[in-house]
Structures are given as structure tokens and as C-alpha cells.
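In what follows, a structure is listed as C-alpha cells, so that the remarks can point back to it.
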Ligand SMILES: [Zn+2]
């Protein structure tokens, strides 16, 4: 019944399906980006223990708030955003002159806030559509979606950093 034994055909079908889900995927990306900027959301999902010490200059960050306040954002740093059920990371730089990049790990556990619920619902919708069209098991649909979302988030972050840099050089 499934014509997806040919990997090329399978990939084409997958792309087509993700294209029809573009709006839903965009909204998930948007929600994820906003959550990753919310201090409350980050704090509630903290996995890295505090106090935390910089391995290079030995500066101690007593709490996550201190860390967030005292370190600086990396314009084009590698940031992994919350998607669903995965760990995600925040990279920030230790203050000058140290400037070592420090990483904090979070766990993206179940989120019952309104955006969190919306995001889960959208994800479910996308997953069901993928499974219907491609006749694939749940786990596979989930993998495809998580990969696509991670790609979209990386692209979006890159574009935002570009824009910020452009704005800074224009002024
Ligand atoms: Zn340091």
C-alpha cells in the first residue's frame, strides 16, 4: 500500500507534507522563540546546577538570574531552542575580559501555559498529518518534525542575528 519503499519518493512526499504544514510549523517556531526569551520559563526548566563557576576565570554565578544578568548574549551563538521533550541549551559569554562561552542546559518538559498547550496541539496536528500522508509510525513522524523544527529555528536565529547586525551598522 505504501509507495515509500523508494527513499527518493519518501523524501519527496515528506517535503510536500511539510510544505502543507508550513503555517503550523511557523507558529511552533514562533512560540519556541518567545519561550526561550522568557526568564520564568527558562528558570522553571533549569537542569544545570547553580552556583556555577566559570572554568576559565573562576567567576561564580550564584543563581541563574545572576548568570543571565552578568553574561552577554552571543549574536550568532549556537542556541538550541525548546521544541518538545528535548534538552535545550543557552550559550552566553562570561563578562570581558574573560569572554569564555558558558552553556546552561534546560529540559523542555511538559508546559501547561497557554502557548505551551497551543504548541503541543499544533505539534500533534502536524504529526497526525504526516502519519496519514506518509503512512509512517508515530516515532518516525516525530523525528521528522523535530528535525524540521530544529532546522527552522536555526535559520530563523541566523536571520535575526543578520538583521540585528545590519541595524547596528546602519545607525
Ligand atoms: Zn569567565
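Evaluation of residue 12 against the conditions (1) out of contact with any strand residue (DSSP E or B) (no Cβ under 8 Å at 6 or more places or on another chain); (2) not in a helix (DSSP H, G or I) shows that the sole unmet condition is (2). With respect to (1) out of contact with any strand residue (DSSP E or B) (no Cβ under 6 Å at 6 or more places or on another chain); (2) at pLDDT below 95; (3) more than 16 Å from the ligand (Cβ to nearest atom); (4) more than 30 Å from residue 9 (Cβ to Cβ), the lone exception for residue 127 is condition (4). The condition of being surrounded by fewer than 18 Cβ atoms within 10 Å (Cβ to Cβ) and closer than 30 Å to residue 136 by Cβ does not hold for residue 25. Filtering region 94-123 to residues that are exposed (fewer than 13 other Cβ atoms within 10 Å of the Cβ), within 16 Å of the chain's Cα centre (by Cα) and within 16 Å of the ligand (Cβ to nearest atom) leaves nothing.
When restricted to residues that are loosely packed, with under 14 Cβ neighbours inside 10 Å, assigned to a loop (DSSP other than H, G, I, E, B) and at pLDDT 95 or above, region 52-93 contains 5. If the condition is being within 30 Å of residue 18 (Cα to Cα) and in contact with a strand residue (DSSP E or B) (Cβ under 7 Å, 6 or more places away or on another chain), then region 28-63 contributes 42, 45.
Can you work out which of the residues in region 28-40 that are closer than 22 Å to residue 155 by Cβ and touching a residue at least 12 places away in the same chain (Cβ under 8 Å) is surrounded by the most Cβ atoms within 10 Å (Cβ to Cβ)?
Our first condition is that a residue be closer than 22 Å to residue 155 by Cβ; within region 28-40, this holds for 28-38.
Among the residues that remain, those that are also touching a residue at least 12 places away in the same chain (Cβ under 8 Å) are: 28-29, 31-36.
On the way: 28: 26, 29: 22, 31: 22, 32: 22, 33: 17, 34: 12, 35: 21, 36: 19.
If we take residues in region 28-40 being closer than 22 Å to residue 155 by Cβ and touching a residue at least 12 places away in the same chain (Cβ under 8 Å), then 28 is surrounded by the most Cβ atoms within 10 Å (Cβ to Cβ).
The values are calculated or read from the model by the stated rules, or taken from the named source; none is laboratory data. Since this is a predicted model, take the numbers as computed values, not measurements. Glycine gets a Cβ as well: all are built from the backbone with ideal geometry, and neighbour counts include every protein chain shown.
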